Amino acid sequence: MIVAILYIALLITLVWSIVHGRKIIRTERTDAVFGNPIRTQGGYHWVACGVSSLLLIWFTFSWDAGRAFFPKAANELCQVAKLNRALNPVRSAFPLDNRYLLGTQLLERDFHQIDLLYASLDGLDLDETDRRNLRELIDDLRRALASQADPAFLAPDIAGRFRDVAVRIEQLATDILRDDYPGPVDEAARAEALAQPGWGESSTEIPVLPITERGRIFDAAAVIMGEIASDYGKIRNNGPELTAMIEDIRSRIEEFEAGTTGDGERKELLGQIEKISKRVDDFKIFPANLTEEVESALIRLEKAMKERQGTLRLIDAWALPGGDILAGNKACSEQGSGRWLPKPSDTLSTFIWMADPDQGYKGFPLFWFKMKPVAEMIDFAVPDWIADLVPGEHARHDDRGEIGVHLKDRIYNFATGSFDSFSIPVPTGHIWDSIMRVLAGLFLGILLGVPLGLFMGLSRFAKGYFDPLVELYRPVPPLAWAPLILTIFGIQDDGKIFLLFMVAFAIMVISARTGATGTQLSKIHAAHSLGASNRQIIQQVILPNSLPEILTGIRISIGVCWGTLVAAEMLAGTTGIGFVENVARKQSDYEIIWMTIIVMGVLGLLFDLIMRWVIDKTIPWRGKG
């Protein structure tokens, strides 16, 4: 019900955004000419249009909307799939899904193989007697193959068996359209069917027992069609003349093989002849006009199936697009987009399940907090050597074994966190670990990359000295560095942060250098003429003019760092979004994989929105000069 309401709300939002957008276009200011940045401001209705369109596509092609509006449709299509599965062994022999009869395809294939055998005879080192005997053997094989399509060689009962199959299929087509088919409801079977888990509520994707009257019709028809297909598969065109031909050919092949020693080419030729004779021995080729009644009956059955499905075909096309429902031996399954594109409701349920701090993933919460003493944070932030700067010595015990406390001891205890303190909540979890790694690597990249980039843009020495070093490693993909860095630093956070630093550092160096070298020369000359010092020129002219490039570089670095982090966490790590996705990938857990992709996308979008806000507040003059 929630999915259905949300789907309708998205449809309304999509229609409203389009109507509202067209209305604004008709009343838009005419002074905002094409190319003016003002034309890109606002337009949040188009944001709603894009988001609603994307979600509608996801709800539709993941079959979540279909499951919400038509919860019984999958079970009914499962029964139709059962009938199609039972029908397929017979149907595949006729030009209904293919262009040719199965017998026509077999004849074309085997005649081509026989032609190749003829051609290979001329290249073999054989005496004339063997060559003539082999040619006669191949001619007899071709004659036996062609004789299967000749009505004169049919066994007496073959035509009657085909007619019986056609009549039974015709009767099944008639029964499917009857209102009283398949008979009274078995209450025990009905209760068992209704007791099944719903669509997508268990590891069995679609309940296999029919739960509707239309489903009962196709389920019963599938059983009957399975019996017909079994009888059809037993029909063989093995009349006495054909059987005698094949037996003669096989015996002559055995004679040739007995007289063949050490001749590889001759043995290979005999092997090819024997292979074709075994295919002829299947007796699956019949005269074309003999199968016309069965083909007509199949066409009638297909029409009856479409008529009986009724609105189910429309539901299948609209609510379950991009795939089919297939029937297996014990279950039915979704195929196509309904299989590899998880449903939003299932993805959200998976996220809620993993967000439970008691559940988490692999014993670690997704995003939660833990109480951590302030003393531990001070121990991490304050270096121990501060205590060494305090005059005096550390306390020593006296003759009575008592130990006094000096100021130096108090400072040391404070620096090492060896004191009682209150606790505060600290974020923890897979998501938080990934965020902290990105922020740490990005911070170090900005801290070192921006000054170096500005220096390279202002100094001939810096550009010539550092440019080869930066450009040497910058083109190398981060994944190429990952194995080496993770080997050196291990699977802890140090290696991942250093890898992210390398990515952000190169981008920030290039961005800051480009910004510095792109400063208008007239502004620098104006500053010189006003008596500005070099430091003032950097602070008041070059740095503000470089900010657009620097902030754009930060936006790019965030995206690249996210992609690199996930790859690093997949290669080596025990926490983080990449670690979660890697484990889910090994277990083929599509809901968790898509959940991690969505979480990474949302986090990346949030970072980018923050950067947009920073850019708007920091350089509001950009594009308005």
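The values are calculated or read from the model by the stated rules, or taken from the named source; none is laboratory data. As the structure is a prediction and not an experimental result, all values here were calculated from the model. Reconstructed Cβ throughout: ideal geometry from the backbone, glycine too, with neighbour counts over all protein chains shown. Heads up: the accessible areas ignore ligands, DNA and RNA and are worked out on the full protein's heavy atoms, side chains in. Shrake-Rupley method; radii C 1.70, N 1.55, O 1.52, S 1.80 Å.
Could you pull out every residue, at least 5 positions away or on a different chain, whose amide H is within less than 5 Å of the one on residue 326? Hs are placed 1.01 Å off N in the peptide plane, and Pro or chain starts have none.
Close amide H contacts, sequence-distant or interchain: 333, 335.
Using the beta-carbon distance between residue 340 and residue 382 and R0 = 56 Å, what value does 1/(1 + (r/R0)^6) give for FRET efficiency, to the nearest 0.05? If you can, show how the numbers build up before the last one.
Values: r = 52 Å, r/R0 = 0.92.
The pair residue 340/residue 382 has a calculated efficiency of 0.60.
Check residue 395: other-chain or 5+ apart residues with amide H under 5 Å from its amide H, H built from backbone geometry?
The answer is 406, 409.
Order the peptides 466-475, 12-21 from the highest to the lowest mean number of other Cβ atoms within 10 Å of their residues. Don't skip to the answer; put the middle values down first.
Working: 466-475: 12.1, 12-21: 14.9.
So the peptides 466-475, 12-21, ranked by packing, come out 12-21, 466-475.
Of 354, 611, which has the most accessible area with a 1.4 Å probe, and how do the rest follow in descending order?
Working: 354 0, 611 20 Å².
If we order 354, 611 from most to least accessible, we get 611, 354.
Quick check on packing: order 333-346, 245-258, 187-200 by the mean number of other C-beta atoms within 10 Å, highest mean leading.
On the way: 333-346: 18.8, 245-258: 15.1, 187-200: 13.1.
The most tightly packed comes first, giving 333-346, 245-258, 187-200.
Determine, from the Cβ-Cβ distance of residue 255 and residue 112 and an R0 of 30 Å, the FRET efficiency 1/(1 + (r/R0)^6), rounded to the nearest 0.05. Walk me through the numbers before you get to the answer.
Numbers: r = 26 Å, r/R0 = 0.88.
For residue 255 and residue 112, the calculated efficiency is 0.70.
For semi-axes √(5λ) of the Cα gyration tensor in Å, pick the label among [x] 52, 29, 19; [y] 49, 26, 23; [z] 72, 36, 32 that corresponds to the value derived from the coordinates.
Read-out taken from this structure: [z].
To the nearest 10 square angstrom, how much accessible area does residue 353 have with a 1.4 angstrom probe?
Here the residue's solvent-accessible area equals roughly 120 Å².
Residues with beta-carbon under 9 Å from that of residue 173, excluding residue 173: net charge, scoring Lys, Arg +1 and Asp, Glu -1? Don't skip to the answer; put the middle values down first.
Values: positive: 300, 303; negative: 170, 175, 302.
For residues surrounding residue 173, the net value is -1.
Taking 7 Å along the Cα-to-C-beta vector as the label spot, tell me the residue 395-residue 202 distance in nanometres, rounded to one decimal.
Going by the 7 Å Cα→Cβ label model, 6.8 nm.
Going by accessible area, probe 1.4 Å, with all protein chains left in place, what is the ranking of 617, 463, largest first?
Details: 617 135, 463 110 Å².
Output order, biggest surface exposure first: 617, 463.
Mind listing the long-range amide H neighbours of residue 364? Cut-off is under 5 Å, sequence gap 5 or more, other chains count too, H placed in the peptide plane at 1.01 Å from N.
Distant-sequence amide H within range of residue 364: zero hits.
For the chain, list the cysteines whose Cβ sits under 4.7 Å from no other cysteine Cβ?
Those would be 49, 561, since no other cysteine Cβ in the chain comes under 4.7 Å of theirs.
Can you pull the one-decimal nm distance between simple spin-label points at residue 127 and residue 274, each 7 Å off the Cα toward Cβ?
2.3 nm
At 0.36 nm per residue, minus the direct Cα-Cα distance, what do residue 241 and residue 520 gain on full extension? Give it in nm, one decimal, please. Mind dumping the intermediate values first?
On the way: separation 279, 0.36 × 279 = 100.44 nm, distance 9.76 nm.
Working it through step by step, the gained length comes to 90.7 nm.
If the limit is 29 Å between Cα atoms, which of 362/496; 463/617; 343/370 go over it? Walk me through the intermediate numbers first.
On the way: 362/496 20 Å; 463/617 31 Å; 343/370 32 Å.
Checking Cα-Cα distances, 463/617; 343/370 exceed 29 Å.
What FRET efficiency would be calculated for the residue pair residue 618, residue 46, taking the C-beta separation as r and a Förster radius of 45 Å, to the nearest 0.05? Write out the running numbers ahead of the final one.
Details: r = 26 Å, r/R0 = 0.57.
E(calc), rounded to 0.05, equals 0.95.
Put a dot 7 Å past each Cα toward the Cβ at residue 532 and residue 410; how far apart are the dots in nm?
Taking the simple label geometry, residue 410 and residue 532 are separated by 5.0 nm.
Sorting check: for 374-380, 70-76, 161-167, which peptide has the highest mean count of neighbouring beta carbons within 10 Å, and how do the rest follow? Please list the in-between numbers first.
Values: 374-380: 14.3, 70-76: 21.4, 161-167: 17.0.
Ranked from most to least packed, the peptides come out as 70-76, 161-167, 374-380.
Ranked by accessible surface with a 1.4 Å probe, highest first, in what order do 358, 608, 139, 324 come?
My answer, sorted largest first, is 358, 324, 139, 608.
Under the rule of -39500 (n - 2.57) per DSSP H run of 4 or more residues, summed and divided by the residues of the chain, what mean residue ellipticity at 222 nm is obtained, to the nearest 500 deg cm²/dmol?
Values: 26 runs with 413 residues, N = 625.
Roughly -22000 deg cm²/dmol at 222 nm, from the helical runs in the chain.
In nm, what is the difference between 0.36 nm times the number of residues separating residue 24 and residue 69 and their Cα-Cα distance?
Values: separation 45, 0.36 × 45 = 16.20 nm, distance 3.43 nm.
Length difference between fully extended and current span is 12.8 nm.
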